[in-house]
1. Which of Ser181, Ser241, Ser88 moves the most in a Gaussian network model of the chain with Cα springs under 10 Å?
2. Out of every Cα-Cα pair in the chain, what percent are more than 35 Å apart?
3. When every alpha-carbon pair in segment 1-124 is counted, what percent end up more than 16 Å apart?
4. Just to confirm the number: angle between the C-alpha axis of helix 252-267 and the first principal axis of the chain, 0 to 90 degrees, nearest 10?
5. Roll a 1.4 angstrom probe over the protein heavy atoms and tell me the percent of accessible area of segment 192-232 that is carbon or sulfur.
6. Do the sum for the chain: with -39,500 (n - 2.57) for every DSSP H run of n ≥ 4, divided by all residues, what is the mean residue ellipticity at 222 nm, to the nearest 500 deg cm²/dmol?
7. May I ask you to give the percent of accessible area on segment 61-125 that is carbon plus sulfur, with a probe radius of 1.4 Å?
8. Per residue, how big is the convex hull around the C-alpha atoms of segment 200-274? Give it to me in cubic angstrom, could you?
Amino acid sequence: MLDRYTYQSALAASEVIHWRVEDIIGGEKRLDFTRPFMPETLARVEELEFLDREEKLILNQIRGNAYLCIFGLVEEFILPFVLDHARSQLSGDDYRVRALLQFAGEEAKHIQLFKRFRQEFEEGFGSHCEVIGPPAAIANAILAHDPLGVAITTLHIEWMVQRHYIDSVKDDQQLDPQFKSLLKHHWLEEVQHAKLDTLMVEALAAGRNEEQIMNGVEEYLAIGGFIDGGLKQQVEFDLDSLERATGRELKERQREEFRRRQLQANRWTYLGTGMTHDRVLATLESLLPSARQKVAGIAAAFC
Ligand SMILES: [Fe+2]
Ligand SMILES: [Fe+2]
């Protein structure tokens, strides 16, 4: 049974959280490039035995940079999507309007935070790391799908953020404290977003018959396929970034192993952790039991 989320309680929870971009990055708050940025459960650099300790650390940081950049990317489609959803009903429920506008405002702040981080990363890391994009093209491709599919994707992303932080980041004492603080502050606001996403999915599914609901779920899976294509490209970029940063040219056999293992690590990070999340599956079940079965059946490929 799902908790009942409300616009009023989500708004109240978000109003007590106050942080500004300047509070968590810039000035004295610098990234520590002697420490990892990503938890190993997501980075999976230890499996690459042909890399030494220093090279594994560099790859971990490359993955950390891509992680925040990819969140910056997806939040560029979430922002207009939430604004459009709010705009469709500006009178009647004041808490709904305020909670959704607060949500959009926080995502705009996160986008700015991630851009600011990227600038700092580029300055401190020492060489360029390419990331998929451009954000506007990716946002347009995702927003062209059925709104229910887009809303389920948003739900997936925001529960995934919860899972990453709680299960892997919160208690990891090895991580750079600055990067960890950034993930923590992001997570604090994402808690409310995931609840509001649940309400958005329910609203967009209301009045649909089974076939129309299933269409939304198929569109969610199509967006997942699109993201998966982006991850394949990102793995190539990360391979280039690693070779550039270390000055080491990997052998073809090592490159193949890098691609295979890092693609699966990326799939788990961005797809598997969302598709297997209890709350995502529970919301799908509440729409249609076969929707849950379908997604849960496909998820194994991304774990
Ligand atoms: Fe966010
Ligand atoms: Fe969010």
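1. Looking only at Ser181, Ser241, Ser88, the largest GNM fluctuation is found for Ser88.
2. When every Cα pair of the chain is considered, 18 percent fall beyond 35 Å.
3. That tail contains 71 percent of the Cα-Cα pairs.
4. Once rounded, the angle reads 30 degrees.
5. Ligands and nucleic acids excluded, carbon and sulfur reach 52 percent.
6. Computed mean residue ellipticity for the chain: -23500 deg cm²/dmol.
7. 47 percent
8. 98 Å³
The values are calculated or read from the model by the stated rules, or taken from the named source; none is laboratory data. Computed from a predicted structure; not experimentally measured. What goes into the accessible areas is simple: the full protein's heavy atoms, side chains included, and nothing from ligands, DNA or RNA. Shrake-Rupley method; radii C 1.70, N 1.55, O 1.52, S 1.80 Å.
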